[in-house]
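Q: Questions regarding the structure given below will be posed in turn.
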Amino acid sequence: MANGLKRTPGFFDFIIIGAGVIGSATACYLKKALPESRILLIDRYHTAGAGNTAKSAALFRNFFSSRTNRLLAGSSIKYYLEPGTKVQLDPTGYLWLFSKEQWNASRTAIHELDPEKNKFEILDRDRIADILGINYQAKGHFPDVNSGIFCHLCGSLSATALARHYASLFKSMGGEINFNTDIKEFIITGQNSCYAPWDNVFIDGIVDQKGNTYNAKEFIVATGAWTHDLLAPIGIASGILPKKRQLFALKIENNAGLLADSTSTIRPAIILPAGGVYIKPVFDKNIIIVGCADDLGQPFLMSDPEPDPLYFQRAIEPVLNHYFPELDFILSLKWAGYYDYHWPDMTPVIESVANLTWVGGTSGSGIMKADAIGRIAAARMQGHKEALLADGSKFRVSRLSLQDRDVEKEELII
């Protein structure tokens, strides 16, 4: 080529950028629906699910106020429960704790949900005490523990195993995968001026870090937190922004009731009422993984990817010390990644401009909704108006678009 770029052999029907859990699921369902199509899945890492997917706490829940999120998560969990998925699913439950003020703010949304259908129960302090030993009293910045929700169809799984599951199925059906391939730019053709309308332009190809170009009829961007940085230079406002999230593994020196009780009943994941701090017990390794769903003060930037020990000391450790004063632990491991947020409704986005579609904005719940999102994205790429989800329900594809969006604001946010 005149500009020195190297064109790769062949031409693809679809190229999917990003082999995290969302991109891999999309590739899998698109190839399943269109077995004769030539589809390429590209990722900057050495294997599927090695980016921010691997840095997730990998918790899943079906407990949302939004009917859209309940449907996306519930149908996905149904698929994960099937024996053939092998994603190390462990439905130990969620224990979501509320202060009196938080409960008053959330109870209208909670009481609109059917406990039997959504598999949860409302707990008072006495019932919480049967499950967990905790300091209930408010002090300073730490609110009281007034009420709780125990969600039965919740727990954890292996996010990396889930992404690799979809990528493996995709490859077994004849899909092509290029790992260690970092896409740096898009090649745009048909543009007469820098202000040309989008219906007069299209994406001709993409360029990787070695100068290789890849050409296709349709391009799908499923790059999570990198979506904004990838699309903004070509004039696309994706509605997706990155936010850093940090996780810390604590080696438990004494049980303190967080891993199991005296009968060896394994504890659920716990969401505390202060600062969005959450706890994931890992019983077989005698550790808990803790994180904090902070918002104000945490910038929407792809900043330093390293975890900050001071963050743990200032934002998380004081919360643990207050609610679990008997807890004795050693900080053994820490890591950081990024969520891809979509404001203001915290619900995924699937939108297109010309022959480019982006899928993301999962806002920290991509793993628990990945199967449904992959099916919906694949249906959109085929021009279908509806997608058939794992539980047999039908989902109107345009509901997750930006132009014809039809979703509810999520009220139950950690």
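Q: Does Val349 meet the test of being within 30 Å of Ile188 (Cβ to Cβ), touching a strand residue (DSSP E or B) at 6+ places or on another chain (Cβ under 9 Å), surrounded by 24 or more Cβ atoms within 10 Å (Cβ to Cβ) and not assigned by TED's automatic domain parsing to the domain that holds Ile128?
A: Numbers: within 30 Å of Ile188 (Cβ to Cβ): yes; touching a strand residue (DSSP E or B) at 6+ places or on another chain (Cβ under 9 Å): yes; surrounded by 24 or more Cβ atoms within 10 Å (Cβ to Cβ): no; not assigned by TED's automatic domain parsing to the domain that holds Ile128: yes.
So Val349 fails the test.
Q: Please work out if Ala269 is among the aliphatic types (A, V, I, L, M), crowded, with 22+ Cβ neighbours inside 10 Å, in contact with a strand residue (DSSP E or B) (Cβ under 9 Å, 6 or more places away or on another chain) and modelled with pLDDT of 90 or more.
A: Numbers: among the aliphatic types (A, V, I, L, M): yes; crowded, with 22+ Cβ neighbours inside 10 Å: yes; in contact with a strand residue (DSSP E or B) (Cβ under 9 Å, 6 or more places away or on another chain): yes; modelled with pLDDT of 90 or more: yes.
For Ala269, the condition - among the aliphatic types (A, V, I, L, M), crowded, with 22+ Cβ neighbours inside 10 Å, in contact with a strand residue (DSSP E or B) (Cβ under 9 Å, 6 or more places away or on another chain) and modelled with pLDDT of 90 or more - is met.
Listed here are the residues, each with its yes/no results for (1) in a strand (DSSP E or B); (2) touching an Asp or Glu at 6+ places or on another chain (Cβ under 7 Å); (3) closer than 22 Å to Gln403 by Cα; (4) modelled with pLDDT under 95.
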residue	(1), (2), (3), (4)
Ala196	no, no, yes, yes
Asp199	no, no, yes, yes
Asp204	yes, no, no, yes
Ala216	yes, yes, no, no
Ile220	yes, no, yes, no
Ala225	no, yes, yes, yes
Asp229	no, no, yes, yes
Pro233	no, no, yes, yes
Ala237	no, no, yes, yes
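Q: In segment 312-330, what residues are surrounded by 15 or more Cβ atoms within 10 Å (Cβ to Cβ) and either outside any helix (DSSP H, G or I) or among the β-branched types (Val, Ile, Thr) (or both)? Lay out the reasoning, then the answer.
A: Step one: list which residues in segment 312-330 are surrounded by 15 or more Cβ atoms within 10 Å (Cβ to Cβ), which gives 312, 315-320, 322-324, 327, 329.
Passing the criteria: Ile316, Val319, Phe324, Leu327, Phe329.
Q: Please pick out the residue among Asp144, Asp130 that is of a type outside the set (A, V, I, L, M) and exposed (fewer than 14 other Cβ atoms within 10 Å of the Cβ).
A: Values: Asp144 fails: exposed (fewer than 14 other Cβ atoms within 10 Å of the Cβ).
Only one candidate passes the filter, namely Asp130.
Q: With the structure loaded, tell me whether Asn286 is on the phi > 0 side of the Ramachandran plot and modelled with pLDDT of 85 or more or whether it fails that test. Walk me through how you get there before you give the answer.
A: Details: on the phi > 0 side of the Ramachandran plot: yes; modelled with pLDDT of 85 or more: yes.
Judged against the criteria, Asn286 is a match.
Q: Further question on the same structure: Take the conditions in contact with a strand residue (DSSP E or B) (Cβ under 7 Å, 6 or more places away or on another chain), surrounded by 14 or more Cβ atoms within 10 Å (Cβ to Cβ) and basic (Lys, Arg) and apply them to Arg399. Does it pass? Show your work before the answer.
A: On the way: in contact with a strand residue (DSSP E or B) (Cβ under 7 Å, 6 or more places away or on another chain): no; surrounded by 14 or more Cβ atoms within 10 Å (Cβ to Cβ): yes; basic (Lys, Arg): yes.
Taking the combined requirement at face value, the residue does not satisfy it.
The values are calculated or read from the model by the stated rules, or taken from the named source; none is laboratory data. Just so you know, these numbers come straight off a predicted model, no measurement behind them. Here Cβ is always computed from backbone atoms with ideal geometry, including for glycine, and neighbour counts include all displayed protein chains.
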